[in-house]
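Novice: Dropping the structure in here first, questions after.
The values are calculated or read from the model by the stated rules, or taken from the named source; none is laboratory data. This structure is a prediction, so every number in the text was calculated from the model and none was measured. Here Cβ is always computed from backbone atoms with ideal geometry, including for glycine, and neighbour counts include all displayed protein chains.
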Amino acid sequence: MADKSPQAGLDPASSGVKAGLIVPPTEACSEYSPPPCSMVIFGASGDLVKRKLIPALLNLFRYNILGKRFFIIGVARTPMETAAFREAMRQGLADSGHLDSEAWPRFSEGIFYTHLDYGDTQAYSALKDLIEEKERSFGTEGNRIFYLATPPTVYAPVIEALGAAGLNSSGSGWTRLVVEKPFGRDSSSARSLESVVHRVFEEDQVYRIDHYLGKDTVQNIMMLRFANSIFEPVWNRHYIDHIQITAAETLGVEKRAGYFEQSGVIRDMFQNHMLQLLTIATMEPPSLYESGLVTYERLKVLKALRPLPLDDIDSALVIGQYASGEIDGRPVLSYRDEEGVARDSKTPTYAAMKLYIDNWRWQGVPFYLRSGKRLKSQATEVVIKFRRVPHMLFGQMIQGEIGPNALILRIQPDERVQLKFHTKNPGSKMCLRDVVMDFSYMDGYDGVKMEAYERVLLDCMLGDKTLFISSEGMELSWAFLTPLLDLIDKGGPGAPPLDMYRAGGFGPAMADELMQSEGRGWRRWRDYE
């Protein structure tokens, strides 16, 4: 039942994985072609498959990473023929601008569809027969990926039915289960889901996706730190004043109100994306860049998180909800006026949080995390603010305040690294000015650029779990946040107030006060424009 394949990251020659360059030969890096395999996608009629999974798999096919020995079976409750499913996927690609009319006919030959009731265990016997039939045709050697792109409420019945049908192991190849977030909604529900998963699959078969970790610029955080001697020696409490992690969106809840009303921004963003970015920015260097070692170092960060002060939560947390306003010059509704949202909803669409990591490297350094919807600009980034110089010897020669040095790691939308420092203004007067050394991540690169889902899907095929969430990591993040979520959900005395903020603005004013009370400040919003 266990995943018997070698982990990617080892010598490809010893792992049986064929290595091949897909970037210009002058590049000192390569991508590995995955072994033959199939992907069975549950929830195939949903939006995620059309918007993310099929475009990602088509691109891997276009890059010649996926060969002819690969096929897809879409599974959903909606009755549909394979030809209709292919056409729906083609139309989705065309609508989003991802259709490659030359590659699509060849790629679509490997796409099939079947419908079933997720809880009908008898129907999985027919699914098993279909999988085995296509495996003989395509020569995929029994290597299978089951991808759960369904609502979370369906995870358990699908997993149990896979086990009952004997689909948790092919006997000849490897079998892997991919689970989309959310992994539960608190510690208790996450443990219940995990108990179902582990009754059917071994942990090394399970891949919990957080697509943020598949972004090149997220992985670049580790490269920047551990491959450059100018950064790693100062990456600690002696030189860093604080770190800000921002994930700001201009979008509202769009068509996800039913889900978001039950989750809110902390469950939706902090339990996974924000805490995972924190672990990557603050982890200790592993002895090798290898899946298990990287995961272990990230777990150590989660274990060192200081519990939030629930008896004084206003000193560590601000939550808000967007009111009506303007985005890009057009009026937008308040959250409570969105379709599917309760008119008296208390669901937070914004949160700003101050955390501490109680270990040797980071003792006393505050970490400020903020994420929200309907904000002025879209940006995901990590900002490292360094300590001020101990004595400003130019104090009598300059006017105004010179801020601290900062390293800005922009993850999206414009991927770049910026270093802010001070230098003299040209001229006879002794004047300091802030300047920015700016590196665009794609400058000088002509090779294949992988989007997040392309990267994580490829890594799943290769058996590399570096960019996936472990069972222990999921439990630790829920354990950290569940007491806070209980406090917010119950309301009443001691719960943080919900601060309304204008759509298209900067977020709740109380979030600024959270930092300004300590003489710090968020990265200025005009810097995002």
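Novice: Considering each residue of segment 126-158, count those that are surrounded by fewer than 21 Cβ atoms within 10 Å (Cβ to Cβ), without any contact (Cβ under 8 Å) to a residue 60 or more places away in the chain and not small (Gly, Ala, Ser), and give that number.
Specialist: 9
Novice: I've got another one for you. Against the definition (more than 12 Å from the chain's Cα centre (by Cα), of a type in the set (Gly, Ala, Ser) and surrounded by fewer than 19 Cβ atoms within 10 Å (Cβ to Cβ)), how does Gly258 come out, yes or no? Outline the logic, then answer.
Specialist: Working: more than 12 Å from the chain's Cα centre (by Cα): yes; of a type in the set (Gly, Ala, Ser): yes; surrounded by fewer than 19 Cβ atoms within 10 Å (Cβ to Cβ): yes.
Yes.
Novice: Quick one: in segment 213-239, of everything that is polar (S, T, N, Q) and at pLDDT 90 or above, which residue is surrounded by the most Cβ atoms within 10 Å (Cβ to Cβ)?
Specialist: Within segment 213-239, the first condition is being polar (S, T, N, Q), and the residues that meet it are 217, 219-220, 228-229, 236.
Among the residues that remain, those that are also at pLDDT 90 or above are: 228-229, 236.
Working: Asn228: 10, Ser229: 7, Asn236: 14.
Ranking the candidates gives Asn236 first.
Novice: Would you please name the residue that is farthest from Ala44 (Cα to Cα), looking only at residues in segment 79-95 that are exposed (fewer than 13 other Cβ atoms within 10 Å of the Cβ) and not acidic (Asp, Glu)? Walk me through how you get there before you give the answer.
Specialist: Filtering segment 79-95 for residues exposed (fewer than 13 other Cβ atoms within 10 Å of the Cβ) gives 79, 81, 83-84, 91, 94-95.
Right, trim to not acidic (Asp, Glu) and you get 79, 83-84, 91, 94.
Details: Pro79: 11, Ala83: 14, Ala84: 12, Gln91: 14, Ala94: 18 Å.
Looking at the filtered set, the residue picked out is Ala94.
Novice: Then there's this: Taking the conditions exactly as written (polar (S, T, N, Q), in contact with a helix residue (DSSP H, G or I) (Cβ under 7 Å, 6 or more places away or on another chain) and crowded, with 19+ Cβ neighbours inside 10 Å), does Ser170 satisfy them or not? Before you say what the answer is, go through the steps one by one.
Specialist: On the way: polar (S, T, N, Q): yes; in contact with a helix residue (DSSP H, G or I) (Cβ under 7 Å, 6 or more places away or on another chain): no; crowded, with 19+ Cβ neighbours inside 10 Å: yes.
No: the conditions fail for Ser170.
Novice: Now, a different point. Within segment 505-520, is there a residue that is in the same structural domain as Ala304 (by TED's automatic domain parsing), surrounded by fewer than 18 Cβ atoms within 10 Å (Cβ to Cβ) and among the basic types (Lys, Arg)?
Specialist: Within segment 505-520, one or more residues are in the same structural domain as Ala304 (by TED's automatic domain parsing), surrounded by fewer than 18 Cβ atoms within 10 Å (Cβ to Cβ) and among the basic types (Lys, Arg).
Novice: Tell me yes or no: at least one residue of segment 63-72 is within 25 Å of the chain's Cα centre (by Cα), under 30 Å from Ser125 (Cα atoms) and in a strand (DSSP E or B).
Specialist: Looking through segment 63-72, at least one residue is within 25 Å of the chain's Cα centre (by Cα), under 30 Å from Ser125 (Cα atoms) and in a strand (DSSP E or B).
Novice: Shifting gears a bit: Does Glu232 qualify as being assigned by TED's automatic domain parsing to the domain that holds Trp522, within 27 Å of Tyr441 (Cα to Cα) and touching a helix residue (DSSP H, G or I) at 6+ places or on another chain (Cβ under 6 Å)? Don't jump to the end; show me each part of the working.
Specialist: Numbers: assigned by TED's automatic domain parsing to the domain that holds Trp522: yes; within 27 Å of Tyr441 (Cα to Cα): yes; touching a helix residue (DSSP H, G or I) at 6+ places or on another chain (Cβ under 6 Å): yes.
Against the criterion (assigned by TED's automatic domain parsing to the domain that holds Trp522, within 27 Å of Tyr441 (Cα to Cα) and touching a helix residue (DSSP H, G or I) at 6+ places or on another chain (Cβ under 6 Å)), Glu232 qualifies.
Novice: If you take just the strands (runs of 3 or more DSSP E) that sit entirely in segment 279-387, which of them hold at least 1 residues that are within 25 Å of Glu475 (Cβ to Cβ)? Steps first, answer last, please.
Specialist: Values: elements: 317-327, 330-332, 350-356, 366-372, 379-386.
Because the criterion is at least 1 residues that are within 25 Å of Glu475 (Cβ to Cβ), the strands (runs of 3 or more DSSP E) in segment 279-387 that meet it are 317-327, 350-356, 366-372, 379-386.
Novice: Could you check segment 304-315 and list, in sequence order, the residues that are hydrophobic (A, V, I, L, M, F, W, C) and closer than 11 Å to Leu484 by Cα? Spell out the reasoning first.
Specialist: Applying the first criterion (hydrophobic (A, V, I, L, M, F, W, C)) to segment 304-315 yields 304-305, 308, 310, 313.
Scanning segment 304-315 gives Leu308, Leu310, Ile313.
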